[in-house]
Amino acid sequence: MALKIEHLTGGYTGVPVIKDINLEIKTGEALGLIGLNGAGKSTTIKHILGLLRPQKGEISLNDVVLTQQPTAFKRQVAYIPETPVLYSELTLKEHLELTMLSYDLDEGEAWPRAHELLKMFRLDDKLDWLPIHFSKGMQQKVMIVSAFLADTSLLVIDEPFTGLDPLAVANLISLIKEATAKNKMVLMTTHVLAEAQQAVSEYAVLNNGTIEIVGSLQEIRTHYGLKPTDTFDKLYQILNQEQQNE
Amino acid sequence: MNELAKKRLSINFKQSLKYLMLVFNDFFIIALIFMFGALMFWYAQSMKTMPANLWFYKSIVGAILWLPLLAGHLVTLVKKADLQFLFTQDEQMDDYLKPMLAYSLILPTILLLLVAGILFPFATVKAGISPLNYGLSVIITFLFKFTQLEIEKKNLLFGNKISNWLINLLTLLVLSFGMYYPLIIIVGVGVVLSMVGYFIARKNQMFDWRYAVNKEQARKNQVYALFSMFTDVEEKQVNIKRRKYLDFLLPKSLAKENPNKFLYRRSLLRNPENLNLLVRMTVFAILVSWLVQSWAWALGMSALVIFLTVYQLLPMVNEFDSNIMYRVYPIVRKNRGQDLVKVLTSGLLIQWLLIGVFWLLFLPIDLHLLEAIALLLVFTLLVTLIYLPYKTKKN
């Protein structure tokens, strides 16, 4: 049981942004995808979500291949985008109802969970509002609540901490920990490692469209020859240098 | 800033021209010529038979001259990004707005001259206004529009805003009564000019950027809404309304729902593009039926209206395709055409019901009318059972 990305090459209109990527996330694992802007993190995510067609390679989740059974695959994936994407016509309650309908959740079981999440993110008194009128942080909370409500085996989270207040960041981290404890998989892209490492112990470094190393932050430091006195930010300078040498 | 304004005006003019060419296509021009011709014929005939010098004629002239003032707000072409990039330019905005104000006067001036020209025979022959007084009234009406735009311009600064409705009401009163007592017009102009003077004298030069951006967006939306009645307008922004009072039309339980039906229902009720179309077309069918006062014509026209409503609502099927979450969620898109048919069927049956009820209220009730109501229902069902499934099959 795992997310398997095998020899994935892909991008936009024939131009490969990611090249021959291999990645595996096993049940109960959370993996952080790190790299500079334009390294291919979002492109990788778009492939996993079925928003881009792979030029080569295959993505499967718990033995369900994305290109062969897209709906069965998507039913196992929940996504929190970097920028909230909402339906302007739907109230907060209806966003949750749509999630229940789409993921075929039992209403009787889903609503107590939904109320728990809403309370955690202080949205429980706004069920009848149109989230399109919320602030960006509150909209992001709607995305988080919907994704964790879906109760899928894989959570894909793109830059989750931007715009969230510290309380929401702490809640999100505890939800990710809870998810991995329940044998779910998490794939997260982020630049905010201080927060991420509270929930994620394994990272994949993506640069120039390829994965250079998968390992713990300490293993990554060793791989790039960072001194104990160097901050982790130096890694990004090295990646930038590599890009310029390419 | 003046250069920026001119550049934006030139781009805006080209864009408006593009849409105007689409709106005033060959068929519409021909229809307009016919309609205008019919109106002028009716006007010429009425002028022969109409009694002269009735007491209310002068106020009618004033009120009609006032109508062109409703068209055309101050065009500022201020963009949201200006909040970021021009926010240091408060004191230069006066420079920026000068060409904007001149541009904003073009449309109302053309409309005023057109209306004044058409109204001239009635005003001078039937209402007994001397050509000199009439000419002066037109010039004063133009001055009212100028001051109205000047006030709109001054409203863009922080401080108390003068409502457009207040100015419009004042202008209507002055023009309607001023035709009897020219002194009122002069006093009215004096009041408006002193209001402008008060505004101009204000020390505050802080530009209210957020207000300006919202005002311009609202103005643009009005223009786009007008264009979108004839053609697709890609720049148009849709402002969704919650409309809680319509929630009773939504199913109480999710048991028989699926994601597509769930979304289409809410789009039909809350997206003004869709609901306004349904309401507009229904009102149109009712009005036409009332005007023709014949069951046969009412049936034919209403059937056409129902068909056109469906035809214009068909693009709803792809409405959510641009939403990434719609693609990420495991929503089966295979049968969404059928889901849309089910949702639109409810909408059309409500339309049929409303038209039927109004027929019973406004048309002579006889067996034919009842037959017409039944026939309209059959037509509606045929549209939903045969035409709609065929058109949505591909989706």
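The values are calculated or read from the model by the stated rules, or taken from the named source; none is laboratory data. Since the structure is predicted, the reported quantities are computational estimates derived from the model, not experimental observations. Neighbour counts are summed over all protein chains in view; Cβ atoms, including those assigned to glycine, are modelled from backbone coordinates with ideal geometry. Side chains included, ligands, DNA and RNA excluded: accessible areas come from the protein's heavy atoms. Shrake-Rupley method; radii C 1.70, N 1.55, O 1.52, S 1.80 Å.
If I ask for residues that are open to solvent by 30 Å² or more (accessible area, probe 1.4 Å) and part of a loop (DSSP other than H, G, I, E, B), which ones from the stretch A:53-68 would you list? Show your work before the answer.
Of the stretch A:53-68, the ones open to solvent by 30 Å² or more (accessible area, probe 1.4 Å) are A:53-58, A:63, A:67-68.
Passing the criteria: A:Arg53, A:Pro54, A:Gln55, A:Asp63, A:Thr67, A:Gln68.
Of the residues making up the stretch B:270-311, just one is within 14 Å of chain A (Cβ to nearest Cβ), over 19 Å from B:Phe230 (Cβ atoms) and open to solvent by 20 Å² or more (accessible area, probe 1.4 Å), namely B:Leu275. Listed residues A:Glu94, A:Glu89; which is modelled with pLDDT of 95 or more and not assigned by TED's automatic domain parsing to the domain that holds A:Gly215? Only one candidate qualifies: A:Glu94.
Would the stretch A:198-221 turn up any residue that is open to solvent by less than 70 Å² (accessible area, probe 1.4 Å), among the small types (Gly, Ala, Ser), in contact (Cβ under 8 Å) with a residue 60 or more places away in the chain and under 18 Å from A:Thr44 (Cβ atoms)? Yes, there is a match, as at least one residue in the stretch A:198-221 is open to solvent by less than 70 Å² (accessible area, probe 1.4 Å), among the small types (Gly, Ala, Ser), in contact (Cβ under 8 Å) with a residue 60 or more places away in the chain and under 18 Å from A:Thr44 (Cβ atoms). Restricting the first member to the stretch A:90-105 and to residues that are at the interface with chain B (Cβ under 7 Å from one of its Cβ atoms), and the second to residues that are in a loop (DSSP other than H, G, I, E, B) and basic (Lys, Arg), the beta-carbon pairs closer than 7 Å and six or more apart or on different chains are A:Tyr103/A:Arg75.
Could you pull out the residue among B:Lys14, B:Lys18 that is of a type in the set (Lys, Arg), surrounded by 11 or more Cβ atoms within 10 Å (Cβ to Cβ) and under 22 Å from the mean Cα position of the chain (by Cα)?
On inspection, the qualifying residue turns out to be B:Lys18.
Could you please let me know if B:Ser130 is in contact (Cβ under 8 Å) with a residue 12 or more places away in the chain, of a type in the set (Ser, Thr, Tyr) and open to solvent by less than 60 Å² (accessible area, probe 1.4 Å)? It would help to see each step written out before you state the result.
On the way: in contact (Cβ under 8 Å) with a residue 12 or more places away in the chain: no; of a type in the set (Ser, Thr, Tyr): yes; open to solvent by less than 60 Å² (accessible area, probe 1.4 Å): yes.
Considered against the rule, which asks whether it is in contact (Cβ under 8 Å) with a residue 12 or more places away in the chain, of a type in the set (Ser, Thr, Tyr) and open to solvent by less than 60 Å² (accessible area, probe 1.4 Å), B:Ser130 comes out as no.
Of all residues in the stretch B:345-376, those satisfying the criterion of being of a type in the set (A, V, I, L, M), open to solvent by 50 Å² or more (accessible area, probe 1.4 Å) and closer than 15 Å to B:Val310 by Cβ are B:Leu349, B:Ile350. Residue count for the stretch B:378-395, restricted to those that are surrounded by 15 or more Cβ atoms within 10 Å (Cβ to Cβ) and part of a helix (DSSP H, G or I): 8. Listed by first and then second residue, the pairs linking a residue in the stretch A:6-33 that is open to solvent by less than 60 Å² (accessible area, probe 1.4 Å) to a residue that is aromatic (Phe, Trp, Tyr), with Cβ atoms under 6 Å apart and 6 or more places separating them unless they lie on different chains, are A:Gly32/A:Tyr203.
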